Every structure is written in structure tokens, then in C-alpha cells.
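Report on the structure given below.
The values are calculated or read from the model by the stated rules, or taken from the named source; none is laboratory data. Small disclaimer: the values here were computed from a predicted structure and weren't measured. Heads up, the Cβs are rebuilt from the backbone with ideal geometry, glycines too, and the neighbour counts pull from every protein chain shown.
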Amino acid sequence: MPTGSRASDAPPLETDSLYFLHIPKTAGTSVTKWLADHIDQEKVCPAKNWDQLVMLDQQVLLTYRIFAGHFGMDFESFLGRRITVVTLLRDPLRRTISHYQHVRRDPNHPLHQHVLHQSFEMFVMDRQNWAMIENFQARYLVTTPVEFKQFVPCYDRNVMKRHRLSVLSEDARYLLDPAYVRDKAIESIGQRLALVGTDEFLIEFLCWIGERLSIETSVSVRDVPRENVSPQDGVIELSATSLEIVNTLTNIDREIYAMVRYNSVDSNGPGNEAIDAG
């Protein structure tokens, strides 16, 4: 069944440009790989995070038409134009588990050493990790006070500082008031995002994108890559304590995820209601 959430009062968009707002651990790497397989690479921006984006030649940046990365809702301000924005949501508990497993197995993650020997219960009890948990998805749907464009002419390219701008972006979201985050996230879903999905209907999500970008492909299960998937995903034994902490920390995420799922069930037209994919 076609599913999707499109704001009827949204401003005119560049129909040949698309930004996939990649919220970490929501099947976004699979979407990015699918786009790379079906789009002329000259049109695809190679930057996936803020550190990579600010180092790009800004004139070259204007030539790209497809963007996919962890830029949140600050990307359009940085780009300087309005484009079609789509994103995926995931069940908050499953997303948190997947994030935990990703940090443990990725030696390049800034908190890898800190999390490496933590159990999941230790992970969610540790306040230092809460920026990776607390309404993480909703916060990605809210703009921050950070002016990322200001880093372009003065960004320090020392490799020892790499990833710090991306960490700054997530810390800035973490400092936003929860009530503000809830209001602005719901506003983004209802008025700004052209399509919002959840990972259960990834094929339908990709079909919508394919139609929007005039990609001549019939998406099937065989066509969808499964990238950056933890081999342990979903097998963690949850204690009552860890489950309570995650549920408390992700109350807004659970609300918007349920809202998107509910709307997708009632949707009868592609791109007109909230999609469930990813």
C-alpha cells in the first residue's frame, strides 16, 4: 500500500533535487546505497556528515542534486535553497539498540572506547550516552542555533579534530528544550518534510523516491541493499530497568513514530500521508 506524508501547504520545491535526511540507525545507509546505485554519481553529493560538507568546494556543492547525510534540518539553510526533504523513522527501542551496537563495533566512532565494554543496561544508564538516546529522532527534525556555514572558510582540517563538527551538531540538538523539540518535530513532519517513513515499508519508500526522481526501476526485495546492519541486532536481552529508561528518554520519539505509523495505515495515496518505511 502506498504510504507517505506530504504537507499540502508546503512551499514550491525543486523537483529535481532531493535531500534524504539520514537519522542514524534507521536503515538510512541502505537508502543511501540504493540512491548511489540508481543515480548518476555526478549528481550525488559525496558528503555524509558536517565535517565532510564544510570541506567541499561551495561552487561544486551547488551542482549536486541528490544529498544524503546526517545534517538534520539545518541543511537547507546551509545550502541556501529549498529542496524536497524526506526521512525515515524507526521504532525508538530498536533504533537505540542498533545505535548501541554500532558504537561498540565501530572503532572510528568518537565514543567507541567509552561504550565498548558496556552492557546495554550500562549504556542507557550512563548519562554521557544520553545524547545518542534521548528523543534522538525528534531532535534530528529540528533546526539548531548553530550557523554551520560559518565554518566553511575557517574549518580546521586537522585529522585529529575530524568528526568534532558532527558531534557539535548532535550536542546542539541535545541542548534543546524537550517541549520545543516536540513542537518543532511535529511541525516539520506536518509542514516541511515531503515524505516521512518507517523501516517496515522500505520498498514503498524507495518507490516514492524513484517516482519523484524519474528513476526507471521496479523496486523489489532483491533491489534493496542491507548496509551497516549489526549481526546482533535485535538479540539483546532487555532488563526491566533498561526498558524503562529507554521508554522514558524516547517519549517524544515514540509519539511521532506512532503518529507516522497511524497515518500510514490510513493513507490511500502516495506522498499524501506519512509513510511507513525504513
### Query
Does at least one position in the range 65-73 carry a residue that is under 29 Å from N263 (Cβ atoms), part of a helix (DSSP H, G or I), at pLDDT 95 or above and not β-branched (V, I, T)?
yes
### Task
Look through the range 74-98, keep the residues that are in contact with a strand residue (DSSP E or B) (Cβ under 7 Å, 6 or more places away or on another chain) and hydrophobic (A, V, I, L, M, F, W, C), and return whichever of them is farthest from D253 (Cα to Cα).
I83
### Query
Does at least one position in the range 182-193 carry a residue that is crowded, with 16+ Cβ neighbours inside 10 Å, in contact with a Phe, Trp or Tyr (Cβ under 9 Å, 6 or more places away or on another chain), assigned to a helix (DSSP H, G or I) and modelled with pLDDT of 90 or more?
yes
### Options H109, H102, H117; residue that is assigned to a helix (DSSP H, G or I) and either out of contact with any helix residue (DSSP H, G or I) (no Cβ under 7 Å at 6 or more places or on another chain) or modelled with pLDDT under 95 (or both)
H102
#### Entry: Of all residues in the range 62-91 being among the polar types (S, T, N, Q) and crowded, with 20+ Cβ neighbours inside 10 Å, the one that is farthest from A194 (Cα to Cα)
T87
### All positions within the range 165-214 that are hydroxyl-bearing (S, T, Y) and farther than 25 Å from S30 by Cβ
Y174, Y180
### Message
Pairs needed: first member in the range 139-167, over 17 Å from A47 (Cβ atoms); second member anywhere, surrounded by 18 or more Cβ atoms within 10 Å (Cβ to Cβ) and hydroxyl-bearing (S, T, Y); C-beta distance under 6 Å; at least 6 residues apart or different chains.
### Response
L141/S188
### Query
Does A179 satisfy the criteria of being small (G, A, S) and within 18 Å of the chain's Cα centre (by Cα)?
no
### Enumeration of residues in the range 34-61 that are in contact (Cβ under 8 Å) with a residue 24 or more places away in the chain, in a helix (DSSP H, G or I) and crowded, with 16+ Cβ neighbours inside 10 Å
W34, L35, H38, W50, D51, L53, V54
### Task
Any residue in the range 120-136 that's touching a residue at least 24 places away in the same chain (Cβ under 8 Å): show its pairings with residues that are among the small types (G, A, S) and assigned to a loop (DSSP other than H, G, I, E, B) at Cβ separation under 9 Å, as long as the two are six or more apart or on different chains.
F120/S239; E121/S239
#### Entry: Residues (within 18 Å of D253 (Cα to Cα) and among the aromatic types (F, W, Y)) located in the range 124-177
W130, F136, Y140, Y174
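Before we move on, is T3 β-branched (V, I, T) and modelled with pLDDT under 90?
yes
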